[in-house]
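S.K.: To start, I am sharing the structure in question, which I have written as structure tokens.
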Amino acid sequence: MRQKHGNAEDLGSNDDVISTATDQMPGKKNILNQFWLFIILTLALLIFLIIFIAQNDHKIKINYLGFHWDAALGIALSSAAVIGGFIVALAIGWRLAYKRRQKQALPSHDDN
């Protein structure tokens with residue numbers, strides 16, 4: 001058994017210090033792993049999107065509400081997906097805000 005005398009030699013290697021530090025922070029390791037997984041998946045999705053746009057570069061004519069323009073097929077489809085995602089995010093945000101306001105409007109049932 002190692003006795004601690006307060007000098008740097010008693011701490012052991014840097015790996016021991018790092019593993020001890022991460023053991024003292026519950027949940028931090030899991031959050032860091034989730035963050036890196038998110039970054040890797042996002043980069044993979046971005047690579048697939050770039051390949052999709054590069055392979056679908058034929059020009060198409062777009063007509064929408066009286067507007068007419070030409071665009072590459074890949075860019076048009078990707079833009080439509082992104083705009084659709086924003087519309088869904090706005091709808092979900094509005095619904096969550098509505099539910100939050102409903103919950104705050106309810107009286108509390110504290111009889112104390």
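S.K.: State whether the residues of region 53-62 include one that is outside any strand (DSSP E or B) and of a type in the set (A, V, I, L, M).
M.R.: So far as region 53-62 goes, yes, one or more of its residues are outside any strand (DSSP E or B) and of a type in the set (A, V, I, L, M).
S.K.: Can I ask one more? Right, MET1: surrounded by 10 or more Cβ atoms within 10 Å (Cβ to Cβ) and modelled with pLDDT under 80 or not?
M.R.: Against the criterion (surrounded by 10 or more Cβ atoms within 10 Å (Cβ to Cβ) and modelled with pLDDT under 80), MET1 does not qualify.
S.K.: Let me ask something else about it. Please count how many residues of region 96-112 are closer than 30 Å to LEU46 by Cβ and loosely packed, with under 10 Cβ neighbours inside 10 Å.
M.R.: Selection size over region 96-112: 0.
S.K.: Listed residues GLY74, GLY93; which is modelled with pLDDT of 90 or more and under 27 Å from LEU45 (Cα atoms)?
M.R.: Details: GLY74 fails: modelled with pLDDT of 90 or more.
Residue meeting the stated conditions: GLY93.
S.K.: For region 55-66, give me each residue that is over 19 Å from LEU45 (Cα atoms) and in contact (Cβ under 8 Å) with a residue 12 or more places away in the chain.
M.R.: HIS58, LYS59, ILE60, ILE62
S.K.: Report the residue count in region 49-60 for those that are of a type in the set (A, V, I, L, M, F, W, C) and loosely packed, with under 10 Cβ neighbours inside 10 Å.
M.R.: Number satisfying all stated conditions: 0.
For (1) in a helix (DSSP H, G or I); (2) in contact (Cβ under 8 Å) with a residue 12 or more places away in the chain, each residue gets a yes or a no:
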residue	(1), (2)
HIS68	no, no
ALA71	no, yes
SER78	yes, yes
ALA81	yes, no
GLY85	yes, no
GLY93	yes, no
LEU96	yes, no
ARG101	yes, no
GLN104	yes, no
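The values are calculated or read from the model by the stated rules, or taken from the named source; none is laboratory data. In this text, all values refer to a predicted model and were calculated from it rather than measured experimentally. With ideal geometry, Cβ positions are generated from the backbone for all residues, glycine too; neighbour counts draw on all protein chains shown.
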